[in-house]
Amino acid sequence: MPLLPGEATLGVLGGGQLGRMFVHAAQALGYRCVVLDPDTASPAGAVAQEHLKADYLDPAALDDLARRCDAVTTEFENVPARALEHLARVRAVAPGAAAVAVCQDRAREKAHFDASGVPCAPYAVLRHGAGAAELAAVPAALLPGILKTARLGYDGKGQRRVSDAAQLAAAFDELGRVDCVLEQMLPLALELSVLVVRGADGEVVTFPVQQNLHRDGILSVTEVPAPDVDEALQAQARRSAAAIATGMAYVGVLCVEFFVLKDGRLIVNEMAPRPHNSGHYTMNACDISQFEMQVRAMAGLPLREPRLHSPVVMLNLLGDLWFDADGRERAPDWAGVLALPGAELHLYGKAQARHGRKMGHLNLIGATVEDARASARRACAILGLPETW
């Protein structure tokens, strides 16, 4: 039976900005929310009805969360799968531990892409402590490549570019000789992502394809509709994302990231078992947000195909904006930004700005793609962000 608005309580493992926006969406529908996160100043904990301040693997805290909630989700990909397994003994958990465990391990993730029939970059797996013989056995065709730790990598962390066998060996040492995946470096033209939502009954819907620009490994700009991708390739990306989610019996919002190669081929890069930074545009440009979709999926409510009602550019706001050229802390010119047509500001309630820290995002919507882009470029000028995308 569905968990009905106004009656049920939803739990969240993780207290970051994604949890905060999930809580807002759940509360707008009438649900109570409980957040479990060890940080006493967590953004999600600050807005939930209850905040359990405990470690994610604290059995007593997990049991307490299960007592207080009717279903539980997670807001970041590295929540321990064991915590989800513990909760799943007595409560519905979405996404489930098995699917999250696949997303947490690049080697298992690549194997799942293969099994789903979705092409990814050629790769090889290097296991923990691999020696000279294993490194020498890596196919030369994979170099130059990118060596990535199999676990706990995000926003460009845990990665090294390598051009030859010597650099590969050195990079493997630098990364602690943990399980790694070496991916062949391919000529990239574009980066895309697709939000796919799957219910426990197997129903699947997808959001429009998002075109993304990363800087220093961190998402900087998202544009929807994707300006440089034809309809056939967009349809392929949405089908591929749906196949990946269905193959894991996934429940919830899943973000699947793709590369478009210079020869026009589409390959899958990675996936995140949660709402995603590149999907924040849905809060203002769609008739339903990715966060409400996460609520609906975990509560067993009907899913519906999202509708993009306005072209949009999303700008990621990092802590660097809170510092001038001399490193002195200052407040960005929010008044100037909010005077722009279609500007929608979302700050995450983080008390301390730091360089590279995600502090918020800005959605610029317009009647046309040109309108949205014009407002976005003016916002970049006001905030001192690069305008070249």
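Numbers for the structure displayed
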item	result
Residue pairs meeting the criteria (Cβ under 7 Å; at least 6 apart or on separate chains; first under 17 Å from residue 339 (Cα atoms), in region 349-367; second open to solvent by less than 10 Å² (accessible area, probe 1.4 Å) and of a type in the set (Val, Ile, Thr))	362/337; 363/312; 364/312; 364/313; 365/312
Test: residue in region 157-164 that is touching a residue at least 60 places away in the same chain (Cβ under 8 Å) and surrounded by fewer than 16 Cβ atoms within 10 Å (Cβ to Cβ)	yes
Verdict on residue 321 being at pLDDT 95 or above, aliphatic (A, V, I, L, M) and in contact with a Leu (Cβ under 7 Å, 6 or more places away or on another chain)	yes
Within region 23-45, tally of residues that are closer than 19 Å to residue 283 by Cβ, surrounded by fewer than 18 Cβ atoms within 10 Å (Cβ to Cβ) and in contact (Cβ under 8 Å) with a residue 60 or more places away in the chain	2
Lone unmet requirement of (1) farther than 14 Å from residue 169 by Cα; (2) among the hydrophobic types (A, V, I, L, M, F, W, C); (3) touching a strand residue (DSSP E or B) at 6+ places or on another chain (Cβ under 8 Å) for residue 115	(3)
Yes/no for residue 132 being surrounded by fewer than 12 Cβ atoms within 10 Å (Cβ to Cβ) and of a type in the set (A, V, I, L, M, F, W, C)	yes
Of all residues making up region 277-295, the number that are assigned to a loop (DSSP other than H, G, I, E, B) and either free of Cβ contacts under 8 Å to residues at least 12 places away in the same chain or surrounded by fewer than 24 Cβ atoms within 10 Å (Cβ to Cβ) (or both)	2
Candidates 188, 195, filtered to the one that is out of contact with any Leu (no Cβ under 6 Å at 6 or more places or on another chain), open to solvent by 10 Å² or more (accessible area, probe 1.4 Å) and at pLDDT 95 or above	188
Filtered residues of region 242-259 (kept if assigned to a strand (DSSP E or B) and open to solvent by 10 Å² or more (accessible area, probe 1.4 Å))	257, 259
Of residues in region 202-224 being in a loop (DSSP other than H, G, I, E, B) and charged (D, E, K, R), the one modelled with the highest pLDDT	203
Criterion: in contact with a Lys or Arg (Cβ under 9 Å, 6 or more places away or on another chain), closer than 26 Å to residue 262 by Cβ and small (Gly, Ala, Ser) - qualifying residue of 150, 189	189
Residue match in region 144-154 (condition: closer than 30 Å to residue 232 by Cα, open to solvent by less than 10 Å² (accessible area, probe 1.4 Å) and more than 20 Å from the chain's Cα centre (by Cα))	yes
Matching residues, region 374-384, being open to solvent by 40 Å² or more (accessible area, probe 1.4 Å) and either free of Cβ contacts under 8 Å to residues at least 40 places away in the same chain or under 22 Å from residue 276 (Cβ atoms) (or both)	374, 377, 378, 381
Unique match (being open to solvent by 60 Å² or more (accessible area, probe 1.4 Å) and out of contact with any Cys (no Cβ under 8 Å at 6 or more places or on another chain)) among 20, 68	68
Answer residue from region 213-241, given it is open to solvent by 60 Å² or more (accessible area, probe 1.4 Å) and touching a residue at least 60 places away in the same chain (Cβ under 8 Å) and is farthest from residue 160 (Cα to Cα) among those	215
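The values are calculated or read from the model by the stated rules, or taken from the named source; none is laboratory data. Just so it is clear, the model here is predicted, and its values are computed rather than measured. So basically every Cβ, Gly included, is an ideal-geometry build from the backbone, and we count neighbours across all protein chains shown. When the accessible area is computed, the model is the full protein with side chains, heavy atoms only, and any ligands, DNA or RNA have been set aside. Shrake-Rupley method; radii C 1.70, N 1.55, O 1.52, S 1.80 Å.
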